[in-house]
1. So which of V474, V479 is within 18 Å of T241 (Cα to Cα), hydrophobic (A, V, I, L, M, F, W, C), surrounded by 11 or more Cβ atoms within 10 Å (Cβ to Cβ) and at pLDDT below 75?
2. Among the residues of region 280-295, which ones are small (G, A, S) and open to solvent by less than 40 Å² (accessible area, probe 1.4 Å)?
3. What's the number of the condition A335 fails, among (1) within 44 Å of the chain's Cα centre (by Cα); (2) under 19 Å from S279 (Cα atoms)?
4. Scan region 618-650 for residues that are in contact with a Leu (Cβ under 9 Å, 6 or more places away or on another chain), open to solvent by 30 Å² or more (accessible area, probe 1.4 Å) and at pLDDT 70 or above and report the count.
5. Quickly run through region 186-219 and pick out the residues that are in a strand (DSSP E or B) and of a type outside the set (F, W, Y).
6. Test L589 against the stated conditions and say whether it is in contact with a Lys or Arg (Cβ under 8 Å, 6 or more places away or on another chain) and either open to solvent by 50 Å² or more (accessible area, probe 1.4 Å) or within 29 Å of A140 (Cα to Cα) (or both).
7. Among the residues of region 509-544, which ones are open to solvent by 30 Å² or more (accessible area, probe 1.4 Å), aliphatic (A, V, I, L, M) and touching a strand residue (DSSP E or B) at 6+ places or on another chain (Cβ under 7 Å)?
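The values are calculated or read from the model by the stated rules, or taken from the named source; none is laboratory data. Just so it is clear, the model here is predicted, and its values are computed rather than measured. Virtual Cβ from ideal backbone geometry, glycine too; neighbours counted across all protein chains shown. For the accessible areas, the whole protein counts, side chains as well, though only heavy atoms, and no ligand, DNA or RNA atoms are used. Shrake-Rupley method; radii C 1.70, N 1.55, O 1.52, S 1.80 Å.
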Amino acid sequence: MSRSGRRRVLLGAAVLAGLAAFVAARIEVTTDIVHFLPRGAARDDVTLARGITGSELTRTMILLVGAADREVAVRAGRAFEEALRREPRVAASLAFLEGGPPEGIEETLWRLYHPRRLSFVAADAAGVAAATDRAALDEAAAHLKRQLALPISALVSRLAPSDPLLVLRGLFERLAGARAEGIGLVDGRFVTLDGGRAVLFLGTDAPSFDARAQRPLLAGIRAAFAEVDRGFGGGLTLASTGANRFAVRAEESIRSDVRRVSSLSIAGAVALFLLLFRSLRPAALTVLVVASGFVAATAATLLAFGRVHGVTLAFGAALIGVSMDYTVHFVCHHALAPHPDGPRRTLAAIWPGLLLGAATTVLGFLALVVSTFPGLRELAIFAAVGISAALMATRWFLPALVAEVAPATRLGGALATTLDRFRRSVSRRPGFAAAGAAVPLVCGFAGLPAATWNDDISDLNRLDPALVAEDAEVRGEVVRYEQRRMVVAVGTDEDAALAVNDRAAAALEAAVAAGELGGFRGVAGLLPSPARQREVDAAVRGDDGLADRVEAALAREGFRPEAFAPFRATLESEPPPPLGFADLLGSPLAPLVRPFRLSLEDGRVAVATFLADVVDPDAVAARLATIDGAAWIDVRATLAAAYGAYRDRMTTLLLLGLLAIV
């Protein structure tokens, strides 16, 4: 190797080492499949789907701790929560951990809702008259009498003088079931309805698809459970659900695929080089060129996007693999037709062909850079930079590292001679060449009518059947509501979103009454819009005879009317300001309403409502279609529709890339 060649190799090695160090320090792999959805889409349902996939819904895990009996399960659940809080890998990314109702919930309920109880007498102002007529008040008085005979009479006695309608008691019952329909309470802990398993809800700060952050979290959960299981003498079981588990498993699968494909490719290339060149040097040079392209592509992607998607790594590694042809082309020429002035001149002779081949490939990928799919833009940049860097590595490294004299082997020479004869034979028979080109075209056009597009973007991930089964089991036992289909109310701010949510809830109530829907869970009953709260409050306070009718109904049940003077005083006082999301999110009630609030990437706010037993989805969607700002969202169908719509755009871009190549 000449002195100048040595300097070039050392300089190139230093640059490559610097890029590798940057990649090692900054590498962050994500498996978020939404990365392959378009941004800036005009379709509002795509924006909502993106907001849902990045919300607390996907960052929440449900953990079920099973034991031989309910008492052991409750104790094990409490011990598991304590172990999770001590585990540093869990604490590092823990947003919340709830194994039972938050402390102070009763006092918070009193503090926030009691002053505003008149706003919750009815669902809307129109319903106030029905909720306060003689029949309704008589039933309320009888209900109060029954409640005072129950073990909770101390609480009811505190409420009754100022709230004889027990509005606050009804709100408490709604809050008790706001987390999920499939859980109960034992000794202040969440348990499944059969009492056999303790339930914990764990939320993470990091996105669920951030495998780098989620991997240590999941390891910490397993370690904490193993510690608790040992403490209970074994026999405990842990079942869980969470999008992060699928993300980590997908990343592991992608890494495994990359290692396997790379290993097989390298092994095949080494065997071929030994067979044709009887030397491992060409194989080592090929690995150097491909590795240079891969490292440069990864570094460029990290600089442009901050992280790299697992799909990009998997497909990009295969795409950059085409650059091994550069080494093969050069080594063959150097062995079969070397330039008298050495390897550098041999490379110069074939450089125009290498450059043209690389340029056409890069042009094809650059056409995808203008795509609205972040994932496709990332893949295009990865492939274009990787192939360009591999070409530069070919020019920079190979002339200095290849042997000055590399005579062809007998097999290599014979193969080249045979191929050259075949080329000459085909060139003398134009019809034969045309037939060779026509056969694949005919086969392609014959099969085209039978081709179908799969627009289900979830198929880009290979889901572990065991994880899918466990996820379905846990959700079926605890959540009892659909995760795929939901109703979303959207507004420019929280108040506007809640106003839309009020109307959507009324439509869903009508759907339940019509048998189109089994049920739903949302925040409309706990947090109506400020405008709705004011309307109901004004309707109650504006009824001048309400206090007299309430006292008369209570008297008919044997109560002393004068004991309810605080209620009359409330009707005559000034109304408090309406309750808002901020009031609840800053209180112990936050876990019960937080999952329903979504922040969209365009700055708007959405309020989600979850559905159960959807009998007639078209009818439910039709009811919501009349409400401006309300959307029926089928996340899977929405993503598939978006993918199909933008597939047409991709076809256009690919055709433009082909035109550029031509």
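1. Working: V474 fails: at pLDDT below 75.
Exactly one residue qualifies, and that residue is V479.
2. Those that are small (G, A, S) and open to solvent by less than 40 Å² (accessible area, probe 1.4 Å): A283, S292, G293.
3. Only one criterion in (1) within 44 Å of the chain's Cα centre (by Cα); (2) under 19 Å from S279 (Cα atoms) is unmet by A335, namely (1).
4. Residues meeting the conditions: 2.
5. V186, R189, V191, T192, R197, A198, V199, L200, L202, G203, T204, D210
6. Spelling it out, it is not the case that L589 is in contact with a Lys or Arg (Cβ under 8 Å, 6 or more places away or on another chain) and either open to solvent by 50 Å² or more (accessible area, probe 1.4 Å) or within 29 Å of A140 (Cα to Cα) (or both).
7. Once the filter is applied, which keeps residues that are open to solvent by 30 Å² or more (accessible area, probe 1.4 Å), aliphatic (A, V, I, L, M) and touching a strand residue (DSSP E or B) at 6+ places or on another chain (Cβ under 7 Å), region 509-544 yields only V512.
One line per residue, one yes/no per condition, for (1) among the polar types (S, T, N, Q); (2) more than 52 Å from the chain's Cα centre (by Cα); (3) farther than 17 Å from S323 by Cβ:
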position	(1), (2), (3)
I350	no, no, no
L355	no, no, no
P374	no, no, yes
L379	no, no, no
L398	no, no, no
A416	no, yes, yes
